[in-house]
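Notes to accompany the following structure.
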Amino acid sequence: MAEIIVVTSGKGGVGKTTSSASFAAGLALRGHKTAVIDFDVGLRNLDLVLGCERRVVYDLVNVIQDEAKLHQALIRDKRLENLYILPASQTRDKDALTAEGVERVLNELKEEFDYIVCDSPAGIERGAFLALYHADQAVVVVNPEVSSVRDSDRILGILASKSKRAEENAEPVKEHLLLTRYSPEKVEKGDMLSVDDVLEILGIPLLGVIPESEAVLQSSNAGVPVILQEGSHAAEAYKDAVARYLGEEREMRFLQPEKKGLFKRLLGG
Amino acid sequence: MSRPECGCRLKAARFSLPVLHFDRMDPQATTGFIREQMERARALLEDASILLAPAACLSKAMPDEIQVLIQACREERLYPVGLAQGEAAEHWQANSPLRIFHTGNMATLEESTPTVHIQNRCLQQMVRSGQQAMAAEGSLTVLANVSATAEVLARDDIHIYGTLKGKALAGIQGNAQARIICQRFEAELVAIAGHYQLFDEPDPAWFGKPVCISLQDDQLVLQVFDRH
């Protein structure tokens, strides 16, 4: 049975799209057939982060409005055979999404895929609501910063009260915390909330901590999900998070400031 | 107010009286209405004392008109003993032997009514930012945290077995005996029976401590449970 995962945060700019791309790519890397949907109608970005922006012909809104078939709109990733992207429309706005249309698309995807990752837009308006409504599991992307934590708390409240599972009194949506842009150096100096601070406020299980990394920006600009940047800490952290999601036990890494060796110090690194 | 030596005592008491509302000076119509009601509930109404509640538009009724109306009621075996509060009541009091009955406000009435349905609520999950949890009919217990900007409200007490970071309003219908008790107090605001206090400057004397808040002489009192 396919599982629907919403990647959400409330606040914008915390790394939802980056995390959706890497998380979906990570699931595909592990051999699961995965579709990732961009719900940010009007401000589509996921296609850029995954490097398929020049291959978009039809989009989510076209499928919802019966102007295209689902498999015409799905774009198969060139690097990962198990990864498919359903892009958002750039010329429409979020009102073009309908609850019935989204449900129909998700049901159709469920027949073919193992995991469906929904990249939610920021905010708590229609687009964000439709992205989380059908979710079985939620990955809440949070930056170690008070306004991001507050907004995520709000989103968790909405998941618990307005999702389909909440409405039907089914088992609640399973929540996971993904802490991104984490800088152990800043935490040590007291300039950033620590993992424990965030966990104390949100009270949901920790899926992973992604360290602040140059690689994230570079790979976004290059159209490669950061999880495919071999050797980067961010890629390793995303792989850990995916493994934990799939039930593996992995120790949390990159939580301590990097110890600079003698060479680095001499070279002023 | 009691003076046993003279055998007299003065005590407040409540009575329930039927109130006759009317909006025109028409003794015939009024007696017709009274007869109709008598037919339905003679046991309840015959020889009963009643209050008159003239509508606001009758604030210029002539004294003899008023007298005729009172007499008409008496003839139907209903005895006006006073006036219900209202816009025309002052004028009627000045022009008739009837006095205004002060009924008191509804809030005190409700308070004195014994509550039959106490419905306490217990929440297992966190009350998150932007959420509101209410126990309109009793006390509220939260077994988790109440996030910043979240609100918990209860007619009676509020117990929080986690951290209270948001707002807690107890005694929302005026119960001054209500209390707010929490395991870790980091609240933004608390209120009991409408008396509220903001906590915009965290003070180490109470911040993060187990606390009980009550209302004493219209003042919120914050009691910290020290763990010695």
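The values are calculated or read from the model by the stated rules, or taken from the named source; none is laboratory data. All values reported here derive from a predicted model rather than from experimental measurement. Glycine also receives a Cβ, built like all others from the backbone with ideal geometry; neighbour counts cover every protein chain displayed. These area figures cover heavy atoms from the full protein model, side chains too; ligands, DNA and RNA do not enter into them. Shrake-Rupley method; radii C 1.70, N 1.55, O 1.52, S 1.80 Å.
For chain B, a Kirkwood hydrodynamic radius built from all Cα pairs, placed in the Stokes-Einstein relation at 4 °C and 1.567 mPa s, yields a translational diffusion coefficient of 59 µm²/s. Here chain A exposes an accessible surface that is 47 percent carbon and sulfur, computed with a 1.4 Å probe and the other protein chains kept in place. Its Cα gyration tensor gives the stretch B:8-103 an equivalent ellipsoid; the semi-axes, largest first and in whole Å, are 20, 19, 11.
Rounded to the nearest 500, the helix-only mean residue ellipticity at 222 nm of the protein assembly as shown stands at -8500 deg cm²/dmol, with each DSSP H run of n ≥ 4 adding -39,500 (n - 2.57). At a Förster distance of 35 Å, what's the computed FRET efficiency of A:E53 paired with A:E171, Cβ-Cβ distance as r, to 0.05? So the FRET efficiency works out to roughly 0.40.
The angle separating the long axis of helix A:99-110 from the principal Cα axis of greatest extent in chain A is about 70 degrees. With each label modelled as a point 7 angstrom along the Cα→C-beta vector, the B:Y161-A:E125 pair spans 4.2 nm. Note on A:A243 and B:L189: with the Förster distance fixed at 30 Å, the Cβ-Cβ geometry gives a FRET efficiency of about 0.10.
For the pairs A:K33/A:K162; A:K78/A:K239; A:K69/A:K174; A:K16/A:K186, flag any whose C-alpha to C-alpha distance is greater than 25 Å. Listed pairs above 25 Å: A:K33/A:K162; A:K69/A:K174.
When B and A come together, around 900 square angstrom of accessible surface is lost from both chains combined, probe 1.4 Å. Other residues with beta-carbon under 10 Å from the beta-carbon of B:P54 carry, at +1 per Lys or Arg and -1 per Asp or Glu, a net charge of -1. Across every direction, the projection of the convex hull enclosing the Cα atoms of the stretch B:121-224 has a mean area of 5.4 nm². For A:A170, the shell of other residues with beta-carbons less than 10 Å away shows a net charge of -2, using +1 for Lys and Arg and -1 for Asp and Glu.
For A:D151, the solvent-accessible surface with a 1.4 Å probe is about 60 Å², rounded to the nearest 10. Compactness ratio for chain A: Cα radius of gyration over 2.2 N^0.38 Å (N = residue count) comes to 0.99. Compared with the alpha-carbon gap, the fully stretched path from A:T91 to A:E251 is longer by 53.2 nm at 0.36 nm per residue. Once the Cα atoms of helix B:63-75 and of chain B are each reduced to a long axis, what angle between those two axes, in degrees from 0 to 90 to the nearest 10, is obtained? Taking the Cα atoms of chain B, the angle to B:63-75 is about 90 degrees. For A:H71, the accessible area of its heavy atoms, probed at 1.4 Å with every protein chain present, is near 140 square angstrom. With 42 Å as the cut-off, how large is the P(r) tail for the protein assembly as shown, expressed as percent of Cα-Cα pairs? Considering the protein assembly as shown, 45 percent of its Cα-Cα pairs are separated by more than 42 Å. Sequence-distant contacts, meaning Cα pairs under 8 Å at least 6 residues apart, place the relative contact order of chain B at 10 percent. B:S16 to B:F225: FRET efficiency via 1/(1 + (r/R0)^6), r the Cβ-Cβ distance, R0 51 Å, to the nearest 0.05? Here the calculated transfer efficiency is 0.65.
Of the residues B:W206, B:W92, the one with the largest accessible area comes first in the ranking B:W206, B:W92, computed with a 1.4 Å probe on protein heavy atoms. With a 1.4 Å probe and all protein chains kept in place, how much accessible area does A:H233 have, in Å² rounded to the nearest 10? Here the residue's solvent-accessible area equals roughly 80 Å².
Potential lengthening of the chain between A:K189 and A:E145 amounts to 14.4 nm, from the contour at 0.36 nm per residue minus the alpha-carbon distance. On full extension, the segment bounded by B:C122 and B:M62 gains 15.5 nm, given 0.36 nm per residue less the C-alpha separation.
Helix A:146-162 and the longest principal axis of the Cα set of chain A meet at an angle near 30°.
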